[in-house]
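Reviewing the structure listed below.
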Amino acid sequence: MSTPAIELKNITKTFGSITANKNICLTVNSGEILSLLGENGSGKTTLMNMLSGIYYPDAGQIFIDGKEAVIKSPKDAFDYKIGMIHQHFKLVDIFTAAENIVLGLKEDGKYNIKDVEKKVSEISARYGFDINPSKKIYEMSVSEKQTVEIIKVLYKGADILILDEPTAVLTPQETQKLFAVLRKMKEDGKAIVIITHKLHEVLDISDRVSVLRKGEYIGTLNTAETNEAELTEMMVGKKVSLDINRTEPENCEDRLTVQGLTCLNSDGVKVLDDISFTARSGEILGIAGIAGSGQKELLEAIAGLQKYDSGSIVYNDPKTGSAVNLKSKTPYQIKELGVRLSFVPEDRLGMGLVGNMDITDNMMLRSYRKGRGVFLKRSAPRELAKNIVKDLEVVTPGISTPVRRLSGGNVQKVLVGREISLSPTVLMTAYAVRGLDINSSYLIYNLLNSQKQKGVAVIFVGEDLDVLLELCDRILVLSSGTVSGIVDAKAATKEELGRLMTKNSKGGADNEQ
Amino acid sequence: MSSNSSGKTHEPLFHIAKRNSMVWWKAWLIRGISVIVSLLVCAVIIVSLTHQNPLEVYGAMIKGSFGTNRKFWTMLQSLAILLCISLAVTPAFKMKFWNLGAEGQVLFGGLCSMVLMFMVGDRIPNVILILAMLAASILGGIIWGLIPAVFKAKWGTNESLFTLMMNYIAIQLVSFAIMIWVPSGSSVMGLVNSGTKAGWLPDLFGQKYLINILTVAVLTAVMFVYLKYSKHGYEISVVGESESTARYIGIDVKKVIIRTMILSGAICGLSGFLLVSGTNHTISKELAGGNGFTAIMVSWLAKFNPVMMILTSFIVVFLQRGAGEIATKFNLNTSLADILTGIIIFFIIGCEFFINYKIMRTNSGKEGK
């Protein structure tokens, strides 16, 4: 067998007291696609960052084409023909695709953007990309931006490509397109590593799959000889049931009615356009859509954090039966009106919690006003903190640990725990399981399900279509700030959702009618 | 045989990693060591530049604060004023409102006191005069702090520039007042009401500055409780840490900004009153003497903890007074004293790096054979 393109031997990397990678050995061959599989925090990205020169290993060796390599900077990585496509794009918005691609390159000869564009078109044709080199980045969709990132590393002549969760931001159709391109690159002899935690994609695209768990190397399997259950077990370390128990909605009443909601951003662009829907008690309403289709604005409008220009949001109080208009109310006024609205925002540490405060003080965010007098009462929040740590199995040194020190899953447990403790009648969650490991994700799904059974109207903004289809009762699809459809989750398919998500994604031209 | 890779590859020798947390006594050990190291470095500089005995120089520094009874009380008085202004800027800084205008707020507060002291000093009973001066100073400080706060809350103006510019306005107003009040045209105003002592804070137990010191001591305790245990203090922390979290839980951010700057300005005004009525009995452009800026350092060094500020303001005042003492005693240029002060503060601040981070040798991982 020929020498592998990459060989990692006993790579170890620690951050403070945390060992992110421990004695990891891994090989990648030319002309193959290797999936690097593991839960969040298992050390996948850290490992690949050492190949791309962002981190330097504490111990261990890296061999590229059989020769030992020292990669201290992204430039070194580029000299070894390694290119990484990061999860967060690093592009200049006001430049064109071609300009971004040559940015930072030191080529001999005269700079000629026409030559660059020609070369970009050649690369596109060769691998089947669909891109206009003179289009500006800010006019591009997420998948086009990703294409630019991939061409950027190919243009530099990379033979080894590392993609960090490339499908996280793509629709099912776009994912298929990307996979077709990856297969062509593989035929061309490139070595490709794709970091992911989506099992069906692993099975779909890769030749081999290597699994990491808690920073340790677990094993490598040929994709053809394995299945989802086996991979999950390797990833989590024990058997996990991947079923969400969806019960039939009971006693549905209209709880929150949104009518013709329209909202402009500071540039006068409609971020929400004539949104109408009803959230019902005892039901989980999913909201699907490409990132940035108006999900954030919609939830914040309901929570009283986002001003809107027209339309109405009406809450039907289950106790009094009266309808409460929430238009131009602040979050405090909404609370004073007796609306029990809980909100788990997307930005957990930036909005839902205060990273530098401990768990007790974070519990107090919702309740510190209680009681007369000018002083805080910390006893009730402290009890609540203790209970949440116990009930939701939050891993923490204690309740006086700043929440920013907790891992992503534990931060989310603290936040969801606090919001549920308010015994809400409406519970809104935005990307509630983003970055969470499988066990924590299922814990959150179960919590949402039990809230639903208690008669709470749950609104679940999600990104994983499989989860949306399994968990929700109805799914509202947002596309460029409009409702492109509300479907029954039991009858809908992923492809149908994908189509609705991109229904009017290009510009606002078809919003006019 | 040496490894052939060592010639062509250059691995980084060290790397830096963040510490999780450190037990308190270790942190204080590091701080103590850094002070000792700074004194050693200072000693080298003293010997090489002045050929003096460093121990004698250090002895003189200590005498600057503790040498005589009078020096001790003067040191406590300086400490009280610096601490008072530090307490004033703390709530604003904790809210991440960069109030660089303490200097001006103190000065304007002091000016308000002086107006009453000068204009109606001999015409109303002293108790009423002093209370009126106190109220006027606090009001003046509030006005000077409130203007930039309102602009920030309503129109999002930059508070650093705004408060800095307010300093210059206050300075010019004081110059203007002195120009009117001092007929000789001198820019220095002598003691006001030196005969009647109208508007002067009285001595307490024979100590001139005791009222100042006790006032600030009480204020320190109040601010500690306010910031840590009151609802207002909690709101200040939340707004400072994350405005979107504050909005999310329904805090009216504008209201908190304005309320907190009223408090900050009021304490600055109080400092101005203590300076005019309790210390100087006159006014000049240098009333605050740069303490409005030094206070920012004192507050940061103490991590916004009022009790810790007693220590940090003591360090600063101690070094200032010690520097002055060695400059006169050894007939040295005051710049040398400033150099020593700078070195010591550099080490005190710099050692926080070693408390927050650790430096580790990179082990190459190639098990040596």
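Within segment A:310-369, take every residue that is part of a strand (DSSP E or B) and under 25 Å from the mean Cα position of the chain (by Cα) and give me the one that is nearest to the other protein chains (Cβ to nearest Cβ).
So the first thing to find is which residues in segment A:310-369 are part of a strand (DSSP E or B), and the list is A:310-316, A:323-325, A:341-344, A:358.
Now narrow it down to the ones that are under 25 Å from the mean Cα position of the chain (by Cα): A:341-344.
Values: A:Leu341: 11, A:Ser342: 11, A:Phe343: 7, A:Val344: 11 Å.
Ranking the qualifying residues of segment A:310-369, first place goes to A:Phe343.
Yes/no per residue for (1) of a type in the set (Gly, Ala, Ser); (2) part of a helix (DSSP H, G or I); (3) more than 14 Å from every other protein chain (Cβ to nearest Cβ):
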residue	(1), (2), (3)
B:Glu235	no, yes, no
B:Ser244	yes, yes, no
B:Gly250	yes, no, no
B:Met308	no, yes, yes
B:Gln320	no, yes, yes
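From the residues in segment B:252-262 that are assigned to a helix (DSSP H, G or I), within 12 Å of chain A (Cβ to nearest Cβ) and of a type in the set (D, E, K, R), which one is surrounded by the most Cβ atoms within 10 Å (Cβ to Cβ)?
B:Lys254
Within segment A:178-193, how many residues are touching a helix residue (DSSP H, G or I) at 6+ places or on another chain (Cβ under 9 Å), surrounded by fewer than 21 Cβ atoms within 10 Å (Cβ to Cβ) and not in a helix (DSSP H, G or I)?
Summing the residues that are touching a helix residue (DSSP H, G or I) at 6+ places or on another chain (Cβ under 9 Å), surrounded by fewer than 21 Cβ atoms within 10 Å (Cβ to Cβ) and not in a helix (DSSP H, G or I) in segment A:178-193 gives 1.
Which residues, taken from segment B:107-161, are in a loop (DSSP other than H, G, I, E, B), under 21 Å from B:Val174 (Cβ atoms) and touching a residue at least 24 places away in the same chain (Cβ under 8 Å)?
Our first condition is that a residue be in a loop (DSSP other than H, G, I, E, B); within segment B:107-161, this holds for B:120-125, B:156-158.
From what is left, the residues that are under 21 Å from B:Val174 (Cβ atoms) are B:120-121.
The answer is B:Gly121, and nothing else.
Would you mind stating whether B:Trp98 is farther than 20 Å from B:Phe224 by Cβ, under 15 Å from the mean Cα position of the chain (by Cα) and not hydroxyl-bearing (Ser, Thr, Tyr)?
The answer is yes for B:Trp98.
Of the residues B:Ala17, B:Ala80, B:Ala27, B:Ala88, only one is surrounded by fewer than 21 Cβ atoms within 10 Å (Cβ to Cβ), aliphatic (A, V, I, L, M) and under 24 Å from the mean Cα position of the chain (by Cα); which?
Selected residue: B:Ala27, the only one of B:Ala17, B:Ala80, B:Ala27, B:Ala88 that is surrounded by fewer than 21 Cβ atoms within 10 Å (Cβ to Cβ), aliphatic (A, V, I, L, M) and under 24 Å from the mean Cα position of the chain (by Cα).
Just the residues that are of a type outside the set (A, V, I, L, M, F, W, C) and assigned to a helix (DSSP H, G or I), please, taken from segment B:196-232.
Selection gives B:Asn212, B:Thr215, B:Thr220, B:Tyr226, B:Lys228, B:Tyr229, B:Lys231, B:His232.
Hey, among the residues in segment A:194-213 that are of a type outside the set (D, E, K, R) and not in a strand (DSSP E or B), which one's nearest to A:Thr19 (Cα to Cα)?
A:His197
Filter segment A:176-201 down to the residues that are of a type in the set (A, V, I, L, M), more than 20 Å from A:Asn49 (Cβ to Cβ) and touching a residue at least 60 places away in the same chain (Cβ under 8 Å) and list them by number.
A:Leu182, A:Leu199
With the structure loaded, tell me whether B:Ile315 is surrounded by fewer than 21 Cβ atoms within 10 Å (Cβ to Cβ), at pLDDT below 90 and part of a helix (DSSP H, G or I) or whether it fails that test.
yes
Contact list please: Cβ distance under 6 Å, first residue in segment B:93-104 and farther than 17 Å from B:Phe273 by Cβ, second residue assigned to a loop (DSSP other than H, G, I, E, B) and among the hydrophobic types (A, V, I, L, M, F, W, C), pairs at least six apart or on different chains.
B:Lys94/B:Phe304
Does B:Ile33 fit the bill of being modelled with pLDDT of 85 or more and either of a type outside the set (Lys, Arg) or surrounded by 12 or more Cβ atoms within 10 Å (Cβ to Cβ) (or both)?
On the way: modelled with pLDDT of 85 or more: yes; either of a type outside the set (Lys, Arg) or surrounded by 12 or more Cβ atoms within 10 Å (Cβ to Cβ) (or both): yes.
Considered against the rule, which asks whether it is modelled with pLDDT of 85 or more and either of a type outside the set (Lys, Arg) or surrounded by 12 or more Cβ atoms within 10 Å (Cβ to Cβ) (or both), B:Ile33 comes out as yes.
Going through B:Ile81, B:Ile62 one at a time, which residue ends up being closer than 22 Å to B:Val222 by Cβ and in contact (Cβ under 8 Å) with a residue 24 or more places away in the chain?
None of the others qualify; the one that does is B:Ile81.
Please determine, by comparing only the residues of segment A:382-402 that are in contact with an Asp or Glu (Cβ under 9 Å, 6 or more places away or on another chain) and more than 11 Å from chain B (Cβ to nearest Cβ), which one is modelled with the lowest pLDDT. Before you say what the answer is, go through the steps one by one.
The initial filter retains those residues of segment A:382-402 that are in contact with an Asp or Glu (Cβ under 9 Å, 6 or more places away or on another chain), namely A:385, A:398-402.
Those still in the list that are more than 11 Å from chain B (Cβ to nearest Cβ) too: A:385, A:398-400.
Values: A:Ala385: 88, A:Gly398: 82, A:Ile399: 86, A:Ser400: 85.
If we take residues in segment A:382-402 being in contact with an Asp or Glu (Cβ under 9 Å, 6 or more places away or on another chain) and more than 11 Å from chain B (Cβ to nearest Cβ), then A:Gly398 is modelled with the lowest pLDDT.
Say we look at segment B:276-308 and pick out the residues that are among the polar types (S, T, N, Q) and closer than 18 Å to B:Ala177 by Cβ; which of these is surrounded by the fewest Cβ atoms within 10 Å (Cβ to Cβ)?
B:Ser284
Looking at segment A:65-171, what helices (runs of 4 or more DSSP H) fall wholly within it and have at least 3 residues that are within 30 Å of A:Lys198 (Cβ to Cβ), hydroxyl-bearing (Ser, Thr, Tyr) and in the same structural domain as A:Asn10 (by TED's automatic domain parsing)?
A:142-155
Are any residues in segment A:50-90 more than 14 Å from chain B (Cβ to nearest Cβ) and surrounded by 19 or more Cβ atoms within 10 Å (Cβ to Cβ), and if so, which ones?
A:Leu51, A:Ser52, A:Ala77, A:Phe78, A:Ile82, A:Gly83, A:Met84, A:Ile85
Report the residue count in segment A:17-33 for those that are within 14 Å of another protein chain (Cβ to nearest Cβ) and either in contact with a Pro (Cβ under 6 Å, 6 or more places away or on another chain) or not in a strand (DSSP E or B) (or both).
Of the residues in that region, 1 qualify.
Quick check: anything in segment A:249-266 under 24 Å from the mean Cα position of the chain (by Cα) and surrounded by fewer than 18 Cβ atoms within 10 Å (Cβ to Cβ)? Don't jump to the end; show me each part of the working.
Initial filter on segment A:249-266 (under 24 Å from the mean Cα position of the chain (by Cα)): A:265.
Now restrict to residues that are surrounded by fewer than 18 Cβ atoms within 10 Å (Cβ to Cβ): A:265.
Checking segment A:249-266: at least one residue is under 24 Å from the mean Cα position of the chain (by Cα) and surrounded by fewer than 18 Cβ atoms within 10 Å (Cβ to Cβ).
Here's the yes/no breakdown for (1) of a type in the set (Val, Ile, Thr); (2) surrounded by 14 or more Cβ atoms within 10 Å (Cβ to Cβ); (3) in contact with an Asp or Glu (Cβ under 9 Å, 6 or more places away or on another chain):
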site	(1), (2), (3)
A:Val236	yes, yes, yes
A:Ile244	yes, yes, yes
A:Ile284	yes, yes, yes
A:Ile302	yes, yes, no
A:Leu305	no, yes, no
A:Val324	yes, yes, yes
A:Lys327	no, yes, no
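Are any of the residues in segment A:485-492 crowded, with 19+ Cβ neighbours inside 10 Å and free of Cβ contacts under 8 Å to residues at least 60 places away in the same chain? It would help to see each step written out before you state the result.
Of the residues in segment A:485-492, the ones crowded, with 19+ Cβ neighbours inside 10 Å are A:487, A:489, A:492.
Keeping just the survivors that are free of Cβ contacts under 8 Å to residues at least 60 places away in the same chain gives A:487, A:492.
Checked segment A:485-492: at least one residue is crowded, with 19+ Cβ neighbours inside 10 Å and free of Cβ contacts under 8 Å to residues at least 60 places away in the same chain.
Out of segment A:448-470, which residues are out of contact with any Phe, Trp or Tyr (no Cβ under 8 Å at 6 or more places or on another chain) and part of a helix (DSSP H, G or I)?
Narrowing segment A:448-470 to residues out of contact with any Phe, Trp or Tyr (no Cβ under 8 Å at 6 or more places or on another chain): A:449-460, A:464-466, A:469-470.
A:Asn449, A:Ser450, A:Gln451, A:Lys452, A:Gln453, A:Leu465, A:Asp466, A:Leu469, A:Glu470 - these are the residues of segment A:448-470 that are out of contact with any Phe, Trp or Tyr (no Cβ under 8 Å at 6 or more places or on another chain) and part of a helix (DSSP H, G or I).
The values are calculated or read from the model by the stated rules, or taken from the named source; none is laboratory data. Only a predicted model underlies this, so the values are computations on that prediction, with no experimental measurement involved. Because the Cβ atoms are built from the backbone with ideal geometry, glycine has one as well, and the counts that use them run over all protein chains shown.
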